[in-house]
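One structure below.
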Amino acid sequence: MRTILLTTLSLIVFNLSVQAQYINNLSIYPANPTSNDSVYFIGSCYFQSGSCNDKTLSFGINNDNITCNAIHCIGLATYICYDTDTFSAGKLAAGNYTFHYNLNSGYGITPCTPSIVPGPTDSLNFTVTAASGISNTSYQEFIFGPNPCKNFLEIKYYSNEEKQVSIIDMAGKVCLQEVKAGNNIQISTNDIASGLYLLKSQSKTTNYASKLFYKN
């Protein structure tokens, strides 16, 4: 009987350990949004079991409270799994808001059942200011597609001069950087993980222009 009890307790402890989940960081993009901006919420997390990339995300707005929920379906492997959850809120009216991030995990395939271990929560306060009505002409330097993309991005420029193209993740890391010339160029995204990125371009006669895109 004692052996059975110890085995049961060991299984419970093991289950609790592999289900543990942690929030690394919360952020919003842009950092200082106006009512003209599309606002994105980013939650960086990790788990003591892999993999953790199969997930279900939900999102809700109640007045000035924005709640984002993430349930990650994790496996039995013992390596640490890192992931980033991105939520799109679209344009928000000017005012003060709180972004709430709830993280949980479960087993199986999506939609998996949340574990019995309570997941961590965190929040971030931010302000949306009224737009000035002045457009940023640097954003008109190029257009691109598809968005979301899978294997490549096609970029159409209004000038054929040489430019430096960069793909940057939401943590500010440059994931890809190439120098291209011409009006129509193609950038391979095969080696970039799924998520939200900034696409930036700079030439001798233009400042940085940036746009958001998703990689599937």
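The values are calculated or read from the model by the stated rules, or taken from the named source; none is laboratory data. As the structure is a prediction and not an experimental result, all values here were calculated from the model. Please note: Cβ atoms are built from the backbone with ideal geometry, for glycine as well, and neighbour counts cover all protein chains shown.
Counting only strands (runs of 3 or more DSSP E) that fall entirely inside the stretch 95-203 and contain at least 3 residues that are within 24 Å of Phe59 (Cα to Cα) and modelled with pLDDT of 90 or more, the qualifying elements are 95-107, 121-128. Check the stretch 73-81 and report whether any residue there is outside the structural domain of Gly172 (by TED's automatic domain parsing), within 13 Å of the chain's Cα centre (by Cα), assigned to a strand (DSSP E or B) and modelled with pLDDT of 80 or more. Scanning the stretch 73-81, I find no residue that is outside the structural domain of Gly172 (by TED's automatic domain parsing), within 13 Å of the chain's Cα centre (by Cα), assigned to a strand (DSSP E or B) and modelled with pLDDT of 80 or more, so the answer is no. Out of all the residues in the stretch 154-193, which are within 25 Å of Ser44 (Cα to Cα) and surrounded by 15 or more Cβ atoms within 10 Å (Cβ to Cβ)? Of everything in the stretch 154-193, those that are within 25 Å of Ser44 (Cα to Cα) and surrounded by 15 or more Cβ atoms within 10 Å (Cβ to Cβ) turn out to be Ser166, Ile167, Ile168, Asp169, Met170, Cys175, Leu176, Thr189, Ile192. In this structure, Asp54 does satisfy being of a type outside the set (S, T, N, Q), surrounded by fewer than 18 Cβ atoms within 10 Å (Cβ to Cβ), touching a His at 6+ places or on another chain (Cβ under 8 Å) and not assigned by TED's automatic domain parsing to the domain that holds Leu196. Right, Thr67: surrounded by 14 or more Cβ atoms within 10 Å (Cβ to Cβ), in contact (Cβ under 8 Å) with a residue 60 or more places away in the chain and touching a Phe, Trp or Tyr at 6+ places or on another chain (Cβ under 8 Å) or not? So Thr67 fails the test.
Selection of the stretch 17-33 for residues being crowded, with 16+ Cβ neighbours inside 10 Å and farther than 17 Å from Leu76 by Cβ yields Ile23, Leu26, Ser27, Ile28, Tyr29, Pro33. I need the full set of residues from the stretch 83-118 which are over 21 Å from Pro148 (Cβ atoms) and hydroxyl-bearing (Ser, Thr, Tyr), in order please. Passing the criteria: Tyr97, Thr98, Tyr101, Ser105, Tyr107, Thr113, Ser115.
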